[in-house]
């Protein structure tokens, strides 16, 4: 097939074979849906629940202090240390890699 360019020269366009299917790089074979899988493993969720329980115990210990406004040893040292331990457990639970089964 010949075309005339604006300068008067004749150009040809290559003919495309019609037997080849058009393949898009955006379509592929279906893969297992990883979005439906849970982001953490069973051990991670167990550690998260344990961390939440430890945090709650820490707050309960702080509230059990009998001193005025919680200025006793339980309200100022023991309770906050237990709460910090709970947050450390939570941090570890989030960063721990799930077991590949």
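Nothing in this text is a laboratory measurement; each read-out follows from the coordinates by a stated rule. Since we're looking at a predicted model, the values are computed, not measured. Because the Cβ atoms are built from the backbone with ideal geometry, glycine has one as well, and the counts that use them run over all protein chains shown.
Please compute the Kirkwood hydrodynamic radius of the stretch 37-101 from all pairs of different C-alpha atoms, in Å with one decimal. List each step's numbers first, then the result.
On the way: mean 1/r = 0.0785 Å⁻¹.
Result for the stretch 37-101 stands at 12.7 Å.
Explain nothing, just the number: relative contact order of the stretch 37-101, from Cα pairs under 8 Å at least 6 residues apart, as a whole percent. If you can, show how the numbers build up before the last one.
Details: 78 pairs, mean separation 29.8, N = 65.
In percent, rounded to a whole number, it is 46.
Starting with the highest mean, order 52-60, 64-72 by the number of other Cβ atoms within 10 Å, averaged over the residues of each peptide. Provide the component values of the computation, followed by the final result.
Numbers: 52-60: 15.0, 64-72: 11.4.
The packing order, highest mean first, is 52-60, 64-72.
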